[in-house]
Amino acid sequence: MAAKANRTRKAKAPDGKEGQFRPLLWIRRWTFRLVGGFAVLTLLFVTMFSWVNPPTTPYMFSEGRRLDGLTREWVSMEEIAPVMARAAVAAEDANFCRHWGLDLTAIRAAMSEGGQRGGSTISQQVVKNVFLWHGRSYTRKALEAMLTPVMEAIWTKRRILEVYLNVAEFDEGVFGVEAAAQHYYGISALDLSATQAGLLAALLPSPKTRSASNPSGYMRERGQQIVDGAATIERDGRAACFEATSG
């Protein structure tokens, strides 16, 4: 019996290292656990926000602290003028209904122009605003590229656009299209005209340096281009994925 027990101990620790701390093994195990935990938690939040409205975003939280408050009011897609939804898509991501979150054509075009134009889709902007942080970094862009297809697989296009219109910044401290419509025009988002929608959409690349209530010549021209683009995507079917269907 004693000999058998001795052989068992030797089989468990042939090098005499049983119970010895192995830092590389410990690091590897905890790395896998942390990555796995992060993936599960992220999937949980992505799934939850497909039907629960995000209470805030990292950027809104930081801006709220800096400005000591924000102006924001969440509205559903049914409470937003359809022309506003089309204007936002025409301005920021005309092929929104035709890609799976990443527009490779737009990304290649942005790279060929040395980063002078944006290549991010509306879906990528939602991922950045809701789940990540602002700022240029390879880490954030890599996470954004990984999370965007996941969100696209779980959320509808209509939901993606609804969240986008409710978390986008339209002026300093003014977030969401309802707050923007009231801030600039004193009306609700549902009552926006095509011209007003075009001007609000023209703000999106640089909301802190542009005004929709006192637009410059460039803003008026850009706004009209967006209005024309919104009409075009309605005619050619590129708005079908987020437009309300009857019956």
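Which ones in the range 112-129 are open to solvent by 70 Å² or more (accessible area, probe 1.4 Å) and either in contact with a helix residue (DSSP H, G or I) (Cβ under 8 Å, 6 or more places away or on another chain) or at pLDDT below 55 (or both)?
Applying the first criterion (open to solvent by 70 Å² or more (accessible area, probe 1.4 Å)) to the range 112-129 yields 112-113, 116-117.
GLU113, GLN116, ARG117 - these are the residues of the range 112-129 that are open to solvent by 70 Å² or more (accessible area, probe 1.4 Å) and either in contact with a helix residue (DSSP H, G or I) (Cβ under 8 Å, 6 or more places away or on another chain) or at pLDDT below 55 (or both).
Would you be able to say whether some residue in the range 207-220 is crowded, with 19+ Cβ neighbours inside 10 Å and part of a helix (DSSP H, G or I)? No. Scanning the range 84-105 for residues that are in contact (Cβ under 8 Å) with a residue 60 or more places away in the chain, assigned to a helix (DSSP H, G or I) and surrounded by fewer than 23 Cβ atoms within 10 Å (Cβ to Cβ) turns up GLU92, CYS97, ARG98. Take ILE187 and decide whether it is of a type outside the set (S, T, N, Q), under 19 Å from the mean Cα position of the chain (by Cα), open to solvent by 20 Å² or more (accessible area, probe 1.4 Å) and farther than 19 Å from ALA94 by Cα. No: the conditions fail for ILE187.
List the residue pairs whose Cβ atoms are under 6 Å apart, where the first residue sits in the range 175-202 and is outside any helix (DSSP H, G or I), the second is of a type in the set (Asp, Glu), and the two are 6 or more positions apart or on different chains. Qualifying pairs under 6 Å: PHE175/GLU169.
The values are calculated or read from the model by the stated rules, or taken from the named source; none is laboratory data. Everything quoted here is computed from the prediction, not taken from an experiment. Here Cβ is always computed from backbone atoms with ideal geometry, including for glycine, and neighbour counts include all displayed protein chains. Just so you know, the surface numbers come from the protein's heavy atoms only, side chains and all, with ligands and any DNA or RNA stripped out. Shrake-Rupley method; radii C 1.70, N 1.55, O 1.52, S 1.80 Å.
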